[in-house]
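See below for the structure under consideration.
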Amino acid sequence: MAEPIKRVRTRHFQNAKANGIKITGLTSYDQLSATIFDEAGIDFLLVGDSAGNTVFGYDTTLPVTIDELIPLTRAVAGAVKRALVVADMPFGSYETGADEALHTAFRFMKETGAHAVKLEGGVRSAEQIRRIVSAGIPVMAHIGYTPQSEHGLGGHVIQGRGEGAEALLADAHAVEDAGAFAVVLEMVPSAVAAQITSELTIPTISVGAGPSTDGQLLVWTDWAGFSGGRIPKFVKQYADLRGVLGDAAKAYIADIASGSFPAPEHEYDA
Ligand SMILES: Nc1nc(=O)c2c([nH]1)NC[C@@H]1CN(c3ccc(C(=O)N[C@@H](CCC(=O)O)C(=O)O)cc3)CN21
Ligand SMILES: CC(C)C(=O)C(=O)O
Ligand SMILES: [Mg+2]
């Protein structure tokens, strides 16, 4: 997206697609990382319910609550000057209907300063998206592999393969028709993502959906080599924060043991 934009708005997402300029996104859960990514020129920051994995140490995103995400989202929204901040609506906060979904969206908009909300599901979430959009709140949709339905989907399964492509296309059109300003495609074959991208007028954002979408998004702790354990195949690691911080901790421990920290320059005179 063009650098001179003062503050990224949903119309810039639309312009980027029209002009073939890629949209860039990362997750963020705190003000320090948000400031760094914003100053680097990232277009949007998602305060994902992936905080369940990355911040809180849960095995899945299912236990994450609105009350856990609100302070994280407030920290990110308060830190950025340019990036558009998207609040991820957690499992159990929108599925029962459009009223519940709008109520949750209001909480995020009023209590955090986020600029948009995100929720999972295509056809099944279309009424929720429509209602939130009708209240003036931009919605980022999320289809394909939807982590909040991990157990219903039977694990981390690629969506839209073979016969599944038709249902995925129906989901994509449903969220566009409902008024979403963009749609995340997670773990979808690249060719299907390319077809969806060409059929839709709203931008598509890939998380493991290949290079042909209008934008890309990754979980920042995976991307920076900060997450432990198994990293999804679709992630490219751009740094080795675990290595850097582990080495720093070992050096600190050794310096304290040897007496070389604190040194005179770290001390106060009487
Ligand atoms: N740290 C983190 N990164 C993510 O990308 C992420 C989250 N958390 N939490 C919410 C969802 C869950 N997602 C995930 C989680 C695991 C796989 C994974 O392990 N994929 C394997 C193949 C499937 C399997 O064998 O389980 C892979 O190698 O890509 C993929 C996406 C994506 N999101
Ligand atoms: C993986 C992205 C799309 C997400 O929903 C999250 O970080 O919670
Ligand atoms: Mg999420």
Of the numbered conditions (1) more than 25 Å from G122 (Cα to Cα); (2) surrounded by fewer than 18 Cβ atoms within 10 Å (Cβ to Cβ), P232 satisfies every one except a single condition; which is it? (1)
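Looking at V219, is it surrounded by 11 or more Cβ atoms within 10 Å (Cβ to Cβ) and within 16 Å of ligand 2 (Cβ to nearest atom)?
So V219 fits the description; yes.
For the stretch 27-47, indicate whether the set of residues that are at pLDDT 95 or above and closer than 20 Å to L153 by Cα is non-empty.
no
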Inspect all residues belonging to the stretch 179-201 and state whether any of them is more than 16 Å from ligand 3 (Cβ to nearest atom), among the aromatic types (F, W, Y) and at pLDDT 95 or above. yes
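Kindly indicate whether A141 is assigned to a loop (DSSP other than H, G, I, E, B), within 15 Å of ligand 3 (Cβ to nearest atom), under 22 Å from G215 (Cα atoms) and in the same structural domain as E95 (by TED's automatic domain parsing).
No; evaluated as a whole, the condition is false for this residue.
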Filter the stretch 121-151 for residues that are within 16 Å of ligand 2 (Cβ to nearest atom), out of contact with any Ser or Thr (no Cβ under 7 Å at 6 or more places or on another chain) and within 16 Å of T60 (Cβ to Cβ) and give the result. H142, Y145, T146, S149
Selection within the stretch 130-155 - out of contact with any Phe, Trp or Tyr (no Cβ under 8 Å at 6 or more places or on another chain), within 15 Å of ligand 1 (Cβ to nearest atom) and either closer than 19 Å to N53 by Cβ or of a type outside the set (V, I, T) (or both): H142, G144, Y145, T146, P147, S149, E150, H151, G152, G154, G155
Enumerate the pairs (first residue in the stretch 111-123 and modelled with pLDDT of 95 or more; second residue anywhere and away from ligand 1 (no atom under 16 Å from the Cβ) and charged (D, E, K, R)) with beta-carbon separation below 6 Å, excluding pairs fewer than 6 apart on the same chain, so at least 6 apart or on different chains. T112/R74; G122/D171; V123/D171
Only one of R161, R131 is outside any helix (DSSP H, G or I) and of a type outside the set (A, V, I, L, M, F, W, C); which? R161
Taking the stretch 164-178 and keeping only residues that are more than 16 Å from ligand 2 (Cβ to nearest atom), within 13 Å of S125 (Cβ to Cβ) and surrounded by 18 or more Cβ atoms within 10 Å (Cβ to Cβ), one is left with A174, E176, A178
What pairs can you find where one residue is in the stretch 224-236 and free of Cβ contacts under 8 Å to residues at least 12 places away in the same chain, the other is surrounded by fewer than 18 Cβ atoms within 10 Å (Cβ to Cβ), and their Cβ atoms are less than 8 Å apart, with a gap of 6+ or different chains? I231/Q237
Among the residues of the stretch 169-187, write down those that are over 18 Å from A135 (Cβ atoms) and part of a helix (DSSP H, G or I). L169, A170, D171, A172, H173, A174, E176
Can you list residue pairs whose Cβ atoms sit under 9 Å apart, with the first residue in the stretch 32-59 being at positive phi and the second being within 16 Å of ligand 3 (Cβ to nearest atom) and of a type in the set (F, W, Y)? Count only pairs 6 or more apart in sequence or on different chains. none
Please work out which residue is nearest to the chain's Cα centre (by Cα), limiting yourself to the stretch 250-270 and to residues that are exposed (fewer than 10 other Cβ atoms within 10 Å of the Cβ) and not in a loop (DSSP other than H, G, I, E, B). H266
Can you say whether L185 is in the same structural domain as H103 (by TED's automatic domain parsing) and within 17 Å of K17 (Cα to Cα), as far as the supplied structure shows? yes
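The values are calculated or read from the model by the stated rules, or taken from the named source; none is laboratory data. Computed from a prediction, not measured in an experiment: that's the story for all the values here. Here the Cβ is made from the backbone with ideal geometry for all residues, glycine too, and neighbour counts use every protein chain on show.
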